1. Of all residues in segment 3-33, how many are out of contact with any Leu (no Cβ under 9 Å at 6 or more places or on another chain) and modelled with pLDDT of 95 or more?
2. Hey, does segment 72-86 have a residue that's of a type outside the set (A, V, I, L, M, F, W, C), outside any helix (DSSP H, G or I) and modelled with pLDDT of 95 or more?
3. Among the residues of segment 138-154, write down those that are of a type outside the set (S, T, N, Q) and either out of contact with any Asp or Glu (no Cβ under 8 Å at 6 or more places or on another chain) or surrounded by fewer than 18 Cβ atoms within 10 Å (Cβ to Cβ) (or both).
4. Failed condition for residue 91, given (1) touching a Lys or Arg at 6+ places or on another chain (Cβ under 9 Å); (2) part of a loop (DSSP other than H, G, I, E, B); (3) under 18 Å from residue 36 (Cβ atoms), with all others met?
5. Kindly check whether there is at least one residue in segment 61-73 that is crowded, with 22+ Cβ neighbours inside 10 Å and of a type in the set (Ser, Thr, Tyr).
6. Quick check: is even one residue across segment 51-59 closer than 30 Å to residue 111 by Cβ and either touching an Asp or Glu at 6+ places or on another chain (Cβ under 6 Å) or without any contact (Cβ under 8 Å) to a residue 60 or more places away in the chain (or both)?
7. Search segment 93-104 for residues being of a type in the set (A, V, I, L, M, F, W, C) and closer than 16 Å to residue 10 by Cβ, and hand back the single one that is nearest to the chain's Cα centre (by Cα).
8. When only residues in segment 85-97 that are farther than 20 Å from residue 154 by Cα and in contact (Cβ under 8 Å) with a residue 40 or more places away in the chain count, which is surrounded by the most Cβ atoms within 10 Å (Cβ to Cβ)?
Amino acid sequence: MCVSGVILCGGQGRRMLGQDKGWIEIAGRPMIEWVLDRLEPQVDEILINANRNIGRYDKFNHRVVRDVIGGYQGPLAGILSAMRVCKNDLLVCVPCDCPFFPADLVARMLNVQQLSAADIVSVYDGERNHPVFALLRTDLGDSLEAYLSSDQRKIDTWYKQHNYQLVEYSDAAHCFENINTPNQLVVSQQRILNDE
């Protein structure tokens with residue numbers, strides 16, 4: 001089954017002093033490159049959702065899409081933008097600030113989606129949900145646009161309007177740790193050095 005993927009790089013990076021997190025470096029490489037390396041083997045098409053540094057993202061030769069709703073409205077705005085232009089019936093979303101997600105993420109999500117006929121599948125790590133990691137049917141675009149037009153932004157609330165399932169990753173919870181702060185960046189750098 002063909003699946004599109006979108007890397008969500010459209011946030012303001014407030015906890016990272018306003019930096020575009022896709023371009024923050026870990027071990028000498030920007031996070032966007034780490035995420036691309038993980039996602040490219042798992043999907044048939046990649047989109048990059050970004051609202052700044054568009055020219056820099058263009059160099060990866062994947063389509064760059066801006067939020068269709070202005071004002072940095074959160075991950076759902078980026079997901080909607082990707083839904084409107086992707087080529088396939090299913091879309092996988094991953095954040096740009098979580099560069100070590102599992103190499104079997106899409107396969108495991110697809111398995112849950114096919115067994116349950118789910119509209120949306122996201123990740124549960126054994127302790128908490130990670131809703132920005134999601135597999136969604138792209139024909140949900142009108143529902144999502146209506147939700148955002150009503151000035152709602154909570155991702156879980158919209159998911160629960162549909163057949164929403166979870167894929168469990170309690171065996172790899174550490175793979176879903178976001179890099180949201182300078183301290184978390186230091187910890188991730190150290191992990192890479194220790195693994196080498």
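The values are calculated or read from the model by the stated rules, or taken from the named source; none is laboratory data. Everything quoted here is computed from the prediction, not taken from an experiment. Positions of Cβ are generated from backbone atoms using ideal geometry, with glycine treated the same way; all protein chains shown enter the neighbour counts.
1. Here the count works out to 3.
2. Looking through segment 72-86, none of the residues is of a type outside the set (A, V, I, L, M, F, W, C), outside any helix (DSSP H, G or I) and modelled with pLDDT of 95 or more.
3. Listed by number, the residues that qualify are 139, 141, 142, 144, 145, 146, 147, 148, 151, 153, 154.
4. For residue 91, the exception is condition (2).
5. no
6. no
7. 94
8. Per the stated criteria, the residue is 86.
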